[in-house]
1. Identify all residues within the stretch 220-235 that are surrounded by fewer than 13 Cβ atoms within 10 Å (Cβ to Cβ), farther than 15 Å from V147 by Cα and out of contact with any strand residue (DSSP E or B) (no Cβ under 8 Å at 6 or more places or on another chain); write none if there are none.
2. Given the criteria of a type in the set (D, E, K, R), over 14 Å from the mean Cα position of the chain (by Cα), surrounded by 18 or more Cβ atoms within 10 Å (Cβ to Cβ) and at negative phi, does K203 qualify?
3. With (1) in contact with a Ser or Thr (Cβ under 9 Å, 6 or more places away or on another chain); (2) within 22 Å of Y230 (Cβ to Cβ); (3) at pLDDT 95 or above as the list, and R142 as the residue in question, which single condition is left unmet?
4. Working only within the stretch 151-181, note down all residues that are out of contact with any Pro (no Cβ under 9 Å at 6 or more places or on another chain), in a helix (DSSP H, G or I) and in contact (Cβ under 8 Å) with a residue 40 or more places away in the chain.
5. Against the condition surrounded by fewer than 24 Cβ atoms within 10 Å (Cβ to Cβ), touching a helix residue (DSSP H, G or I) at 6+ places or on another chain (Cβ under 9 Å) and hydroxyl-bearing (S, T, Y), how does S98 come out, does it pass?
6. Inside the stretch 280-300, can you point out the residues that are part of a helix (DSSP H, G or I) and either more than 29 Å from D126 (Cα to Cα) or among the hydrophobic types (A, V, I, L, M, F, W, C) (or both)?
7. Going by what's in this entry, would A67 be described as assigned to a helix (DSSP H, G or I), over 20 Å from A279 (Cβ atoms) and of a type outside the set (F, W, Y)?
8. Report yes if some residue within the stretch 115-122 is touching a residue at least 24 places away in the same chain (Cβ under 8 Å), crowded, with 21+ Cβ neighbours inside 10 Å and either in contact with a helix residue (DSSP H, G or I) (Cβ under 7 Å, 6 or more places away or on another chain) or of a type outside the set (D, E) (or both); otherwise report no.
Amino acid sequence: MRRSVDEITGGKRLRRMRKADWSRRLVAENDLTVNDLIWPIFLIEGENRTEQIAAMPGVERLTVDLAVRAAEEAAKLGIPAVATFPNIPIEKRDTTGSNAIEDDNLINRATRAIKAAVPEIGIITDAALDPFTDHGHDGVLRDGIIVNDESVEQIVRAAVGQAAAGADIIAPSDMMDGRIGAIRDALDENGFQDVAIMSYATKYASAFYGPYREAIGTSGLLKGDKKTYYIDPANTEEALRETEADLQEGAEMVMVKPGMPYLDICRRVKETFQVPTFAYQVSGEYAMIEAAAANGWIDGERVMMESLLAFKRAGCDGILTYFAPRAAKILAG
């Protein structure tokens, strides 16, 4: 004789708490809020001008004055911080990324302008050299090799300059050995003890970065690939070793990049180290969602919010995402 549903489940009906919106909200295990969002912004030279990024529909490069307006919008929406990335003219790029250490470079001018207009918002800057080199790599290129120690010296100088301009968090994405400790020492020596470090501790040699490289103008410049200094996508334990090293060197918080393809890494990092852990929902992730939504294949808004919630479920404390202002408006109702 066929058993009843209650006999099969032992009287446990798990759907009971899914029957209404109020009950689903009551037992929700994870919550996404505007406090979890960091908005990456792309910068260009000039005034009152934007540039569309073909591979990232809805994302624009902004001149400094418009970046200030974007920061003002972010503050009004309650977004805690913005992260800035420059696209500088080709004539300012060279093999060592020397413009990165110039006091008045694009990223530092944007930091000063944003801090003057919106002092309450956090500013996160990247000290890596790839936006400033003529070969698209994150470090100094010598005889076809990215040289570690010389790159670290240049990155440290860039980081100190960014702190002097008013950056609240230095987030070096270059993956050079020893750069976190060297940056911490230099910041402290120069009176920037309160400037924090968010390490791109587990940055993978991923194919998801393509649209970002278009956004900062390095996609046509990159010679070779970045596998000699980014982490192999096959590896987990190596990512944990990188994270441990960066924390020992002085990072206050760590990042996993890319995001959704590496949710398992987010979970492992958070459970292992119990420190503030962030994920970067990178340009390729953004572009795929936008392309599928534009073709009517998915509900773009729902998928956007579901993808952001996935980071929280994986243990992340926050997300760098190009969806930040749109998500903030939805969260505000």
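1. Result: G220, A234.
2. Spelling it out, it is not the case that K203 is of a type in the set (D, E, K, R), over 14 Å from the mean Cα position of the chain (by Cα), surrounded by 18 or more Cβ atoms within 10 Å (Cβ to Cβ) and at negative phi.
3. So the condition that R142 fails would be (3).
4. Once the filter is applied, which keeps residues that are out of contact with any Pro (no Cβ under 9 Å at 6 or more places or on another chain), in a helix (DSSP H, G or I) and in contact (Cβ under 8 Å) with a residue 40 or more places away in the chain, the stretch 151-181 yields Q154, R157, G161, Q162, A164, A165, G181.
5. Yes: the conditions hold for S98.
6. A287, M288, I289, A291, A292, A293, A294, G300
7. yes
8. So far as the stretch 115-122 goes, no, none of its residues is touching a residue at least 24 places away in the same chain (Cβ under 8 Å), crowded, with 21+ Cβ neighbours inside 10 Å and either in contact with a helix residue (DSSP H, G or I) (Cβ under 7 Å, 6 or more places away or on another chain) or of a type outside the set (D, E) (or both).
The values are calculated or read from the model by the stated rules, or taken from the named source; none is laboratory data. As the structure is a computational prediction, the values presented were derived from the model and not from experiment. Every residue, glycine as well, gets a Cβ built from its backbone with ideal geometry; the counts of neighbours run over all protein chains shown.
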